[in-house]
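A.B. asks: Have a look at the structure that comes next, please.
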Amino acid sequence: MPSLSKSKVCFFFKTNISLQHRTKLKKFIEAIFKKEKIKLQSLNYIFCTDKELLEINRQYLNHDYYTDIITFELSGKKNQAEGEVYISLDRVRDNAHMLGVPLYKELHRVIFHGALHLCRYKDKSKEEKEEMREKEEFLLCRYFE
């Protein structure tokens with residue numbers, strides 16, 4: 001009897017959010033890593049509040065401001081990824097409202113953003129931010145086609 005393959009992507013919810021089609025989303029995220037030639041070991045998405053993410057930002061990054069996402073790369077190996085992605089649903093909701101986009105679309109953009117960070121994409125410089133946005137938009141279009 002064949003064994004069921006377990007996803008390397010897990011979702012944890014510290015606050016309520018509707019995240020539909022989770023199996024499809026996990027497979028899509030795993031495919032991002034395959035396309036980028038990064039071996040995914042494990043990836044945990046933790047959905048939390050502004051307050052929780054602000055505390056993580058202060059404690060681990062010495063930043064005293066709200067953010068929508070923090071990504072921790074845990075493997076330390078060049079072509080491997082193991083990570084935790086913390087997402088503030090409060091920020092995602094506010095950003096979706098401010099940008100005039102549906103919540104589900106902004107949530108998926110941020111989810112893909114975290115995966116891209118683990119694929120070694122950066123967003124510090126203007127050029128890096130532009131490349132990251134292009135990749136996010138490409139992934140959103142592919143996912144929702």
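The values are calculated or read from the model by the stated rules, or taken from the named source; none is laboratory data. Treat the numbers as computed from the prediction; the structure is a model and nothing was measured. We place every Cβ from the backbone using ideal geometry, glycine too, and count neighbours over all the protein chains shown. Side chains are part of the model used for accessible areas, which takes the heavy atoms of the whole protein and leaves out ligands, DNA and RNA. Shrake-Rupley method; radii C 1.70, N 1.55, O 1.52, S 1.80 Å.
A.B. asks: How high is the relative contact order of the chain, in percent, counting Cα pairs under 8 Å that sit 6 or more residues apart? Please list the in-between numbers first.
C.D. replies: Numbers: 201 pairs, mean separation 29.7, N = 145.
Answer for the chain is 20 percent.
A.B. asks: Cross-link partners among aspartates and glutamates for residue 14, C-alpha distance below 19 Å, same-chain residues fewer than 8 apart left out?
C.D. replies: Excluding near neighbours in sequence, the set is 50, 52, 55, 68, 84, 90, 94, 106.
A.B. asks: Quick one: which residues, 5 or more positions from residue 17 or on another chain, have an amide H under 5 Å from its amide H? H modelled 1.01 Å from N in the peptide plane, none for Pro or chain starts.
C.D. replies: Close amide H contacts, sequence-distant or interchain: none at all.
A.B. asks: Moving on. Take the residue pairs 6/34; 27/122; 8/126; 24/122; 6/27; 35/77 and return only those whose Cα atoms are more than 20 Å apart.
C.D. replies: Values: 6/34 16 Å; 27/122 23 Å; 8/126 32 Å; 24/122 26 Å; 6/27 11 Å; 35/77 18 Å.
Violating the 20 Å limit, Cα to Cα: 27/122; 8/126; 24/122.
A.B. asks: Please work out how much length the chain gains when fully extended from residue 131 to residue 42, using 0.36 nm per residue of separation minus the C-alpha to C-alpha distance, in nm with one decimal.
C.D. replies: Working: separation 89, 0.36 × 89 = 32.04 nm, distance 2.47 nm.
Full-extension gain reported as 29.6 nm.
A.B. asks: Given H placed 1.01 Å from N in the peptide plane, which residues other than close sequence neighbours of residue 38 have an amide H under 5 Å from its amide H?
C.D. replies: none
A.B. asks: Cα-based Rg of the chain per 2.2 N^0.38 Å, rounded to two decimals? Mind showing how you got there, number by number?
C.D. replies: Working: Rg = 15.0 Å, N = 145, 2.2 N^0.38 = 14.6 Å.
For the chain, the normalised Cα radius of gyration comes out at 1.03.
A.B. asks: What is the spin-label model distance, in nm, from residue 122 to residue 74 if the labels are put 7 Å beyond Cα along the C-beta direction?
C.D. replies: Once both label points are built, they end up 2.5 nm from each other.
A.B. asks: As a check on your grasp of the helix formula, calculate [θ] at 222 nm for the chain: sum -39500 (n - 2.57) over DSSP H runs of n ≥ 4, divide by the residue count, round to the nearest 500.
C.D. replies: Details: 5 runs with 72 residues, N = 145.
My calculation for the chain gives -16000 deg cm²/dmol from helical runs alone.
A.B. asks: Need one value: the accessible area of residue 135 in square angstrom, 1.4 angstrom probe, rounded to the nearest 10.
C.D. replies: Near enough 60 Å² of accessible area.
A.B. asks: Under a no-solvent Debye model with one identical scatterer per Cα of the range 20-86, what's log10 I(q)/I(0) at q = 0.26 Å⁻¹?
C.D. replies: Debye intensities relative to I(0), on a log10 scale: -1.08.
A.B. asks: What does the charge count near residue 7 come to, summing +1 for each Lys or Arg and -1 for each Asp or Glu among other residues with Cβ under 10 Å from its Cβ?
C.D. replies: After counting each charged neighbour, the total is +4.
A.B. asks: Now a separate question. If you count the DSSP beta bridges with both ends in the chain, what percent of them are antiparallel, to the nearest 5?
C.D. replies: On the way: 5 of 19 bridges.
The answer is about 25 percent antiparallel.
A.B. asks: Quick one: with all protein chains in place, what share of the accessible area of the range 21-145 is carbon or sulfur, to the nearest percent (1.4 Å probe)? Show your work: numbers first, answer last.
C.D. replies: Values: 3680 of 7360 Å².
Heavy-atom surface of the range 21-145 belonging to carbon and sulfur, 1.4 Å probe: 50 percent.
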